[in-house]
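S.K.: Here it is: the structure, laid out below.
The values are calculated or read from the model by the stated rules, or taken from the named source; none is laboratory data. Here the structure is a predicted model, which is why all the values come from computation and not from measurement. Quick reminder, even Gly has a Cβ in these numbers, built from the backbone with ideal geometry, and neighbours come from all protein chains shown.
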Amino acid sequence: MKISKLKYWTPPAKDTLLFNVDGSARGDPRPVGVGGVLHDSGGKVLCFFSLFLGSLDAITVKLCAIQKGCDLCYFRDDLRGRKITIVYDSKVAVDWINREGFGSLKRMNFILDIHSKLRAMANTVVEFKSRASNSFADTLAKRAALGMGDFVDYGDSLCTRLCWAVVAAVSCLFYGFSAFGFLCLSLLFCCSWGVLFFAVAALTRFELVVFVFLFWLFVLPFFGL
């Protein structure tokens, strides 16, 4: 199992997709949610999800997050044969999946289901990375745990861009991003243009942030950016 020391999100290698997933539990057991975002090597968002799962314990929701990431890849013909790395920030859960820990008999059904899908997708692996590099998936999971509505979206449609704008706003509330935080945030879901726009917006006025959102949602798509 590979353990990354990265402090922030970085895109995957060429011809590889990176699926960051996370789970959030508001107590034990309490309402839980899972979330994740799939990027290609260019940083483009291919899929993201935010799903409420009801009341589960904090350990089970970790496996549910990985399971959902596997499901979304397994049931899509255009993703099943791709080289995909599913990333989670729970070393315990990743160890169970990679059979490096003792596992959990209580949750064996989740583990076996994940194993079966990973065997069917020979190019898909599960890895551990730090929480700092998984912040957007964490935000999507927290959003779901709060009961803010379920969604699974693919592609780079206007709907996708709008959802990312909402997620970005929620991220700012949870993490209190500074100007540098805005810059890092834009790297997760924007093109290279977005990095510049968000850096300028964060260093000036809040009104400009609103302008950047509108510009990103409506103007850039018109030019195919």
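S.K.: Restricting to segment 130-155, give me the number of residues that are buried (at least 20 other Cβ atoms within 10 Å of the Cβ) and in contact with a helix residue (DSSP H, G or I) (Cβ under 9 Å, 6 or more places away or on another chain).
M.R.: Number of matching residues: 10.
S.K.: With the structure loaded, tell me whether residue 57 is surrounded by fewer than 23 Cβ atoms within 10 Å (Cβ to Cβ) and in the same structural domain as residue 115 (by TED's automatic domain parsing) or whether it fails that test.
M.R.: Criteria met by residue 57.
S.K.: Could you check segment 61-165 for helices (runs of 4 or more DSSP H) lying wholly inside it with 1 or more residues that are of a type in the set (Val, Ile, Thr) and at pLDDT below 85?
M.R.: The helices (runs of 4 or more DSSP H) meeting that bar are 135-145.
S.K.: Restricting the search to segment 33-52, which residues are in contact with a Pro (Cβ under 8 Å, 6 or more places away or on another chain) and assigned to a strand (DSSP E or B)?
M.R.: Scanning segment 33-52 gives 39, 52.
S.K.: Let me ask something else about it. Return yes or no: is residue 36 small (Gly, Ala, Ser), within 25 Å of residue 11 (Cα to Cα) and in contact with a strand residue (DSSP E or B) (Cβ under 9 Å, 6 or more places away or on another chain)?
M.R.: When the stated conditions are applied, residue 36 passes them.
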